[in-house]
Structures are given as C-alpha cells and as structure tokens.
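Participant: Pasting a structure here, questions to come.
The values are calculated or read from the model by the stated rules, or taken from the named source; none is laboratory data. Keep in mind it's a predicted model, so treat the numbers as computed, not measured. Neighbour counts are summed over all protein chains in view; Cβ atoms, including those assigned to glycine, are modelled from backbone coordinates with ideal geometry. Just so you know, the surface numbers come from the protein's heavy atoms only, side chains and all, with ligands and any DNA or RNA stripped out. Shrake-Rupley method; radii C 1.70, N 1.55, O 1.52, S 1.80 Å.
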Amino acid sequence: MLKGRHLIDSQDFTVEELDQIFELAENIMEKPEDFIHLCDGKLLGTLFFEPSTRTRLSFESAMLRLGGKIVGFSEPSSSSVTKGENLADTIRTVAAYTDIITMRHPKEGAPKYSSLYCDVPLINAGDGGHQHPTQTLTDLLTIKVAKGEIANLTIGLCGDLKFGRTVHSLVKAMSRYANIKFILISPQELQIPEYIKSEILDKKSIEYVEVERLEEVMDQLDILYMTRVQKERFFNEADYIRLKDSYILNNDKLKSAKEELIILHPLPRVNEISMEVDNDPRAWYFKQAKYGMFVRMALICKLLGVK
Amino acid sequence: MLNINSITKGIVIDHIKPGYGIKIFEYLKLNKADFTVALIMNAVSEKLGRKDIIKIENEIDIDLTMLGFMDANITINVIENEVITEKINLSLPDRVEGIIECKNPRCVTSSERGIVHRFKLIDENKGRYKCEYCNQIYSWEG
C-alpha cells in the first residue's frame, strides 16, 4: 500500500511496489484521457529550494495532466527561507495547505528531515548529490518499456561514475532484479565508489567489469547509460583532454552496437552524445524524459491513493 | 594492582581501551566533579594488556549508549558497600542521537537549527555508523 507514504530514497519501495507504479504509468501512457480527472481538487506543493526547471516542470505537468493544481516556489529567494524560517516550519505549513509535496533541496538529507514533520506524502525531487529517486523510477520505467522486463540485461554505465548520483541510484535499484550485469565505463579517476562495489555488487554477487574504453564493450550492451564527464573533476587537464572524446557517443562508435540497444541519459546533455545520434532509433533519452512525467503521474496517484 | 573495593558506593568503568579514559573522563565532565573520581591510565590488564580505568565514588547517571559507542568493550561495575553488585557489559548501540555531529558540509544537519544528529549502526565489526540524513559513514575515533 503506497497511499500516504513518502518517497525519499529509491530503495524505499519494494520491487513489487515499483511494479505497481510502472503498471499504472503504462496504463496512463496507453490511454491518458482516462486519467485527466483523477486528481481533481488535489493540490501539489512544489518546494524547489534550488532551481531545477526540468524536474519541476515534469512534476507540474504530471499533476496538471491528472486534473490537480500546483502551488510552490522555484527558488528559495521567493520563499520564507530568506526570513530565516527553518525547514521543519516550512514543511509543516505547506503540508497544511496541500495534499502532496515534492521537494528539491541543495542539502543532502533535507527531504528525509522534512518528512519527519510532514503529514502528507513527500517526494524527494533531488537532494544535493545524494538521492534523486524519481529519476531512478524514470530510468527503470524506460528500461521496462523498451525491454519488456527489468531483468537479464547487460547495462553499460559510461562517464562520471564517481559523482553521478543517478548512476549510484540506478545500480542500487537494478541490483534488485535478476541476472543483471554491469559494465562500468569510466576513466580511473571517475570510477564508481568502492562502497557501491563492496556493499551492493560484491555483496549480492552481481557480475560487473570496469573498463576505460567504450568501444571495446559496445557490442555487449543491451543498455548504454551515458553521463557527462566533467572537466572540473579532473586533477590535471591532460587527463581530461586524453579521455573526454572517448565518451562522446557518435554514429561511428555505435557501428558495433546491437540493433536492440537503447541509449539513455538523465539529461541535460552537454556534448557527451553527439546530436547525430538523436535520429538513431536506439536513442531513447528524450522518450525517457517523457516517461519521467508518466511515472511521476503514477507516483502521485499511488501516494494520494486515488488509483 | 588496583583494588576496586576502595570504592564504597559508586561505579568503576573498567576495560577502557588505553588512551580513551581521558576522552570518557572529559565526556562525563568528571573534571568538574565535587566527589571522588580517579582516572587510571595504562593499568596492567590480563585481557587487554593495558587498559584505562575510571573510578567514581558517587551515584551518577551514565549514558551507556554513548559509552558503548565510544568503546563497546567497556565493563561497568556497580559498587555497593565495597562489593560489585552488578556488572554491565556494553555493546555498540543500534542508534546514536545527539552525541556526535555529521561532518559532511552538504548534510542538512550543517544548516538547520535545532536538528538532532542521528546515526545508525551499519557494521558492528568495524563499528561503522551512517548519518541517517546524508548516509555519510562514521566510526568513533575519539
């Protein structure tokens, strides 16, 4: 039962509960007109303590498409934070006005702390470099739609695996499904943190390999999840220059890829996927953004208990 | 050899890891006590080789959770009429609240007023704790 629950961490829900959300999201995608009045009279509070246009618009679109309404702010300068109000008071007040809240905050753990004072469902829309559970739901739904199931897949995660919170969450989430193999493609400097390997992959005996070159594993992948290699993460510029082009995905690099590969990216893209790839049917990253809205619609419905 | 029956009524905190006695002494604010206290450092121990001991000639409330967090091998001997009436063996607490602070500058605890720092035990063997807000990993290092 998801009614009344908070979503702070992508592991808060069981695989079965996630399946309920994905099933509803797919029903909405199939016949959205059946759901346009589901949240009539309901109000979503959008508390964005730092700007995140994409995520905020996704949530707002989701609620509006369900017939609900939205109130909130998109940066702290337009909230009582500037008057020195603490988070607990802000959340208690907004919870009194609304039926469900989504929060983006620069501080890690802010949604978890807020949830202690929140008597309506609270959705974490990203807290610093810590968690972004609805991005993980988006990634999982996209994989499910593309592949029919979230199992028996080889997923390549490419780019900044050290600081990429979406990568960490996705590895944690996918490690709960059967027969998943990870290929971790990154420069030495940006390898996935040790705790992910020791506490998730090794502990669950999940197969994984670490490589530096995308080309050498391209033909093995069912999913390629691209992230941006960030110049500012490197200790010296020579290493960045040596590696940056390795991770610019283009048509040439895709020549050895499977026909049924899907390419994902949490967006925004900078230059790690060449625009020529956009026309390739294997490019799923813009569909992925759309699925993000549908999965948020399903999540809102489940947490409100209207479906 | 140390003799615990020098205490008439009080407690002896025994089997403290060498070097940790002073930290516990300070944590319990025993330097400000108006009753008899003793800190013995580097005493000979059959079990540990060396150990610290704190003797307190008074009835005081001790936060066993915190002591367990600082050194789970500690033994507390409760003394009445110069004899040990109770031995308490400590263990690592499952949760630690308001005792240590999360040092992650990006953690919500670094900015919110009045927030209680909370940690959960995640690895008993290594004494590792996790901040319940930001998941930063900690162990007691004094």
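Participant: Based on what the data block shows, is B:Val83 more than 14 Å from every other protein chain (Cβ to nearest Cβ) and farther than 21 Å from B:Asp71 by Cα?
Facilitator: Values: more than 14 Å from every other protein chain (Cβ to nearest Cβ): yes; farther than 21 Å from B:Asp71 by Cα: yes.
Yes, satisfied.
Participant: Hey, another quick one. Test of understanding: among B:Glu82, B:Glu57, which residue is at pLDDT below 90, out of contact with any Pro (no Cβ under 7 Å at 6 or more places or on another chain) and not small (Gly, Ala, Ser)?
Facilitator: Values: B:Glu57 fails: at pLDDT below 90.
That would be B:Glu82, the only listed residue that is at pLDDT below 90, out of contact with any Pro (no Cβ under 7 Å at 6 or more places or on another chain) and not small (Gly, Ala, Ser).
Participant: What strands (runs of 3 or more DSSP E) lie completely within segment B:21-83 and have 2 or more residues being surrounded by fewer than 16 Cβ atoms within 10 Å (Cβ to Cβ) and out of contact with any Asp or Glu (no Cβ under 8 Å at 6 or more places or on another chain)? Give the steps one after another, and end with the answer.
Facilitator: Numbers: elements: B:37-45, B:49-56, B:75-80.
Answer list for segment B:21-83: B:37-45, B:49-56.
Participant: Within segment B:94-102, is there a residue that is within 12 Å of another protein chain (Cβ to nearest Cβ) and surrounded by 17 or more Cβ atoms within 10 Å (Cβ to Cβ)? Give the derivation first.
Facilitator: Going through segment B:94-102, the residues within 12 Å of another protein chain (Cβ to nearest Cβ) turn out to be B:102.
Retained after the next criterion (residues that are surrounded by 17 or more Cβ atoms within 10 Å (Cβ to Cβ)): B:102.
Checking segment B:94-102: at least one residue is within 12 Å of another protein chain (Cβ to nearest Cβ) and surrounded by 17 or more Cβ atoms within 10 Å (Cβ to Cβ).
Participant: Just the residues that are touching a residue at least 40 places away in the same chain (Cβ under 8 Å) and more than 24 Å from the chain's Cα centre (by Cα), please, taken from segment A:247-274.
Facilitator: Within segment A:247-274, just A:Ser256 meets the criteria.
Participant: I need the full set of residues from segment A:24-44 which are closer than 19 Å to A:Gly4 by Cα and without any contact (Cβ under 8 Å) to a residue 60 or more places away in the chain, in order please.
Facilitator: A:Asp40, A:Gly41, A:Leu43
Participant: Further, regarding this structure: State all residues of segment A:19-67 that are among the acidic types (Asp, Glu), under 28 Å from A:His105 (Cα atoms), open to solvent by 40 Å² or more (accessible area, probe 1.4 Å) and part of a helix (DSSP H, G or I); if no residue qualifies, say none.
Facilitator: The one that is among the acidic types (Asp, Glu), under 28 Å from A:His105 (Cα atoms), open to solvent by 40 Å² or more (accessible area, probe 1.4 Å) and part of a helix (DSSP H, G or I): A:Asp19.
Participant: Give me the pairs, please: first residue somewhere in segment A:102-115 and more than 9 Å from every other protein chain (Cβ to nearest Cβ), second residue anywhere and among the hydroxyl-bearing types (Ser, Thr, Tyr) and part of a loop (DSSP other than H, G, I, E, B), beta-carbon distance under 8 Å, and either six or more positions apart or on two chains.
Facilitator: Short answer, once both residue conditions are applied: A:Arg104/A:Ser52.
Participant: Return yes or no: is A:Met226 surrounded by 13 or more Cβ atoms within 10 Å (Cβ to Cβ), touching an Asp or Glu at 6+ places or on another chain (Cβ under 6 Å) and at pLDDT 95 or above? Steps first, please.
Facilitator: On the way: surrounded by 13 or more Cβ atoms within 10 Å (Cβ to Cβ): yes; touching an Asp or Glu at 6+ places or on another chain (Cβ under 6 Å): yes; at pLDDT 95 or above: yes.
The answer is yes for A:Met226.
Participant: If B:Arg113 passes every condition in (1) within 14 Å of chain A (Cβ to nearest Cβ); (2) touching an Asp or Glu at 6+ places or on another chain (Cβ under 7 Å) but one, which one does it miss?
Facilitator: Evaluating B:Arg113 over (1) within 14 Å of chain A (Cβ to nearest Cβ); (2) touching an Asp or Glu at 6+ places or on another chain (Cβ under 7 Å) leaves (2) as the failure.
Participant: Between A:Thr136, A:Thr82, which is modelled with pLDDT of 95 or more and either away from chain B (no Cβ under 14 Å) or assigned to a helix (DSSP H, G or I) (or both)? First the steps, then the outcome.
Facilitator: Numbers: A:Thr82 fails: modelled with pLDDT of 95 or more.
Every option except A:Thr136 fails the conditions.
Participant: Another question, if that's okay. Looking at segment B:113-131, which of the residues that are open to solvent by less than 30 Å² (accessible area, probe 1.4 Å) and in contact with a Cys (Cβ under 9 Å, 6 or more places away or on another chain) is nearest to B:Asp71 (Cα to Cα)?
Facilitator: The extreme case among them is B:Phe119.
Participant: Okay, next question. Can you name the residue in segment A:116-133 that is of a type outside the set (S, T, N, Q) and in a strand (DSSP E or B) and, of all such residues, is farthest from the other protein chains (Cβ to nearest Cβ)? Can you show your working first?
Facilitator: Of segment A:116-133, the ones of a type outside the set (S, T, N, Q) are A:116-123, A:125-130, A:132-133.
Now narrow it down to the ones that are in a strand (DSSP E or B): A:122-123, A:125-127.
Details: A:Leu122: 14, A:Ile123: 17, A:Ala125: 15, A:Gly126: 13, A:Asp127: 8 Å.
By that ranking, first place goes to A:Ile123.
Participant: Which members of segment A:210-226 meet the condition of being over 23 Å from the mean Cα position of the chain (by Cα) and in a strand (DSSP E or B)?
Facilitator: The one that is over 23 Å from the mean Cα position of the chain (by Cα) and in a strand (DSSP E or B): A:Val211.
Participant: Additional query: So is A:Pro281 within 30 Å of A:Asp19 (Cα to Cα) and at pLDDT below 90 or not? Spell out how you get there, then give the answer.
Facilitator: Working: within 30 Å of A:Asp19 (Cα to Cα): yes; at pLDDT below 90: no.
Considered against the rule, which asks whether it is within 30 Å of A:Asp19 (Cα to Cα) and at pLDDT below 90, A:Pro281 comes out as no.
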